[in-house]
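Readers should treat all values here as calculations from the given coordinates under stated rules, not as data from a laboratory. A quick note: this is a predicted structure, and the numbers were derived from the prediction, not measured.
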């Protein structure tokens, strides 16, 4: 029987041999059986040159490695003196060390075992009562096999989770896109009427928690029907887009701008008194008044574009319908008074 203990061998070196043995078996694509494990383990230990010479022949022609060949080498080199109690005990102790290392490696990061507690307890009892090195190898093989199944299932689960996560992310992005589309005006890219209704209600509800003044502006392009009738709806659309860009440039970060409908726009101005809202409205009106638009294809002057504006300050306890109605009436008065002006609601 070859000396089963490498010079200077301790628990750590035995554990390292165990890891190297499993790695070697994997590279050679050999089944992790007790016999194969024992042969590779002692092959790597390098204590029996005669055994290594025979194994080199098999390893270099791996297709000739059969259970029959492996069993013959096992019986010839590893079991020739197995009846010697001292040698048997050496083998048993070293195998117990390696199996103990197996059990240690099976503890995952969460402190749970990779195999079931019931199965682990059974293996531990068998190890405690076993005196036969071959039986210990069988137990080690069983533990490895169960762990391999666990690892395979874990990998499948992780792959499944990864795929599901990707699908969830894709659905989330799609849902976000749909939500944005549902609240955006297709032509101008501004918030639409639906989004405005929600924003106005949110502003009103916030008054119940932290009362802060806010104002509503309703803007309407003057004589927009004449533009459509004279130059066509495509030009009318370009006027709407151009006006939207000018309005956006003049908005504060807290202002909420939307296309209210047709040629009409709405702005919610948070934390703003009526005087401040009127000043902003006049600035917007004058900016639009300075615009000079041309027909892209014909280079024909479209003429001056102006807007009329109604401004209303929110009153405590007022509904969304009420403030919109007051603001709309102020806009109507601005139109009645000759257009291109700002009127404050009653």
Could you work out how far the C-alpha centroid of region 181-213 sits from that of region 308-346, in angstrom? 18 Å
Percentage relative contact order, region 193-344, counting C-alpha pairs under 8 Å, at least six apart: 30 percent
Where a ≥ b ≥ c are root eigenvalues of the Cα gyration tensor, a/c under 1.5 meaning rounded, otherwise prolate if a/b exceeds b/c and oblate otherwise, region 193-344 counts as prolate
